[in-house]
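Each remark here refers to the structure printed beneath this line.
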Amino acid sequence: MEDPIERGPGASRRNWLSWLGVGLILIGFLSGLFFFMLEIILEQAAPYTGLMYLVFTAIIAFGFLLVPAGVFLTGRRLRTGDAARILSEYRVDLTKPAHRYAALSFLATGMVVVLLIGIGTYKSYQATESISFCGQLCHSVMNPEWTTYHNSSHARVKCVECHIGSGAGWYVRSKLSGLRQIYAVTVDNFPRPIPTPIRDLRPARETCEECHWRRKFVGYKENVRSYFLGDEENSLHKIRMLIKIGGERTSFMKGSGIHYHMLIASQVEYIASDTKRQEIAWVRITRADGSVTEFNREDYSLTESEKSTMEIRTMDCMDCHNRPSHQFPTPMKSVNQALEDGMIPSDVPFIKVQAVKALDTEYAPTAEAKVGIAN
């Protein structure tokens, strides 16, 4: 009987494991090439492209590991005389028409599969970065945030641009955090309302400052606010304020204004004694010339041991603008705005007082609140 084992010099290279590795290398390479061509056609980088390239690179690397692993394992079986069958009888001979047809069919099928996988993966990532996925499907428990988002100045900015930003690292980190949140929603064990400030946010310079330029000098900005009194006529009272916003110092306009806390030339750090960062116990300013000034509260001075155990936070945009897209105005402010916009007729006697009372009442479900406010 003929020995089924091939023992030639190339025998160890013909095995299922090595061929699987070659297949993975081709899939990873062609998928990466597809995404690269897609970016060229669209003339812009696809969201989380870095993550996709990372996945394709991992597939290629794993394929490269399988090739020598298959050669090593097969060679060891051959040396020990193991009767394992090698792929010697499955030689590809392209001089035979049947083999050529099979090879071309396999190549065409593989290219179609790679194309479908690439399109499907790209569409999946497009779906997961959409605002409807974030606000309705994935985070349905955050309906208040979803509602206020549409009434904000960032209504045309996608959720992921602020909450995740670009790059693969923070995308993976946010999705891992999302698994914990999904579990909390499943077992109905999450705080109501969602607590603020949100911990472990990405630094504002990597998200906010992709659009907002910290070096821009703003100067002064006029702010006009309308207040309606609680009398029978709902009397209108306006307040005009000129706010010094400032920015980077220039030779034309000196003075930093409220944005002194965000100047590039200096760094402001602080320690908050409460979880909501409302009680500031210690502040440190480091200037461009290296000089440092520290400020301590007179009624609550921290000791050095306390400072070493508490978080020292570097001030950024979110310390002041902590609700840029999810602002929840008070009933008083909401009614003032509605009266000014004409949504509530100001000629109805005492409507200001009654509207504030309607909004300031505790309701159980949302449906009950709508009925109660309407009544």
Exercise for review: Collect the residues in the stretch 154-171 that are within 15 Å of Ser325 (Cβ to Cβ) and assigned to a loop (DSSP other than H, G, I, E, B), keeping them in residue-number order.
Suggested key: His154, Ala155, Arg156, Val157, Lys158, Ile164, Gly165
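When you look at Met343, is it closer than 26 Å to Ala155 by Cα, part of a helix (DSSP H, G or I) and of a type in the set (A, V, I, L, M), yes or no?
No; evaluated as a whole, the condition is false for this residue.
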Point to revise | Among (1) in contact (Cβ under 8 Å) with a residue 12 or more places away in the chain; (2) under 30 Å from Met142 (Cα atoms); (3) under 26 Å from the mean Cα position of the chain (by Cα) - the single one Pro329 does not satisfy | key: (1)
Practice item. State whether one or more residues within the stretch 314-332 are in contact with a helix residue (DSSP H, G or I) (Cβ under 8 Å, 6 or more places away or on another chain) and small (Gly, Ala, Ser). Key: yes
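Here is a yes/no grid of residues against (1) over 30 Å from Lys352 (Cβ atoms); (2) more than 29 Å from the chain's Cα centre (by Cα):
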position	(1), (2)
Asp231	no, yes
His261	yes, no
Glu269	yes, no
Thr275	yes, no
Glu294	yes, yes
Thr303	yes, yes
Exercise for review: Among the residues of the stretch 195-225, count how many are in contact with a helix residue (DSSP H, G or I) (Cβ under 8 Å, 6 or more places away or on another chain), open to solvent by less than 50 Å² (accessible area, probe 1.4 Å) and part of a loop (DSSP other than H, G, I, E, B).
Suggested key: 3
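Per-residue answers, yes or no, for (1) over 25 Å from Leu201 (Cα atoms); (2) not polar (S, T, N, Q):
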| position | (1), (2) |
| --- | --- |
| Ile239 | yes, yes |
| Gly290 | yes, yes |
| Leu302 | yes, yes |
| Thr309 | no, no |
| Cys320 | no, yes |
| Arg323 | no, yes |
Exercise for review: Restricting attention to the stretch 232-243, report how many residues are touching a residue at least 12 places away in the same chain (Cβ under 8 Å), open to solvent by less than 100 Å² (accessible area, probe 1.4 Å) and not in a strand (DSSP E or B).
Suggested key: 2
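Would it be correct to say that Leu54 is out of contact with any Cys (no Cβ under 6 Å at 6 or more places or on another chain), in a helix (DSSP H, G or I), at pLDDT 60 or above and open to solvent by 70 Å² or more (accessible area, probe 1.4 Å)? Don't jump to the end; show me each part of the working.
Working: out of contact with any Cys (no Cβ under 6 Å at 6 or more places or on another chain): yes; in a helix (DSSP H, G or I): yes; at pLDDT 60 or above: yes; open to solvent by 70 Å² or more (accessible area, probe 1.4 Å): yes.
The answer is yes for Leu54.
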Study note, to complete from the structure: Looking across the stretch 277-308 at residues that are open to solvent by less than 60 Å² (accessible area, probe 1.4 Å), out of contact with any Phe, Trp or Tyr (no Cβ under 9 Å at 6 or more places or on another chain) and at pLDDT 90 or above, the single one that is nearest to Ser266 (Cα to Cα) is Thr286
Point to revise | Residue satisfying all of: in the stretch 63-79; open to solvent by less than 80 Å² (accessible area, probe 1.4 Å), hydrophobic (A, V, I, L, M, F, W, C) and under 20 Å from Phe29 (Cβ atoms); nearest to the chain's Cα centre (by Cα) among these | key: Leu66
Practice item. Select from the stretch 348-370 the residues that are without any contact (Cβ under 8 Å) to a residue 12 or more places away in the chain and farther than 22 Å from Arg192 by Cα and list them in ascending order. Key: Gln354, Lys357
Exercise for review: Taking Glu248 as meeting all but one of (1) part of a loop (DSSP other than H, G, I, E, B); (2) open to solvent by 50 Å² or more (accessible area, probe 1.4 Å); (3) at pLDDT below 80, write down the number of the exception.
Suggested key: (2)
**Study point:** From Gly165, Gly178, residue being in contact (Cβ under 8 Å) with a residue 24 or more places away in the chain, surrounded by 15 or more Cβ atoms within 10 Å (Cβ to Cβ) and farther than 30 Å from Ala338 by Cα
**Key:** Gly165
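The values are calculated or read from the model by the stated rules, or taken from the named source; none is laboratory data. All figures in this text were calculated on a predicted structure; none of them were measured in a lab. When we count neighbours, we look across all protein chains shown, and the Cβ atoms used for this are built from the backbone with ideal geometry, even at glycine. Protein only, heavy atoms only, side chains kept; ligands, DNA and RNA dropped before computing areas. Shrake-Rupley method; radii C 1.70, N 1.55, O 1.52, S 1.80 Å.
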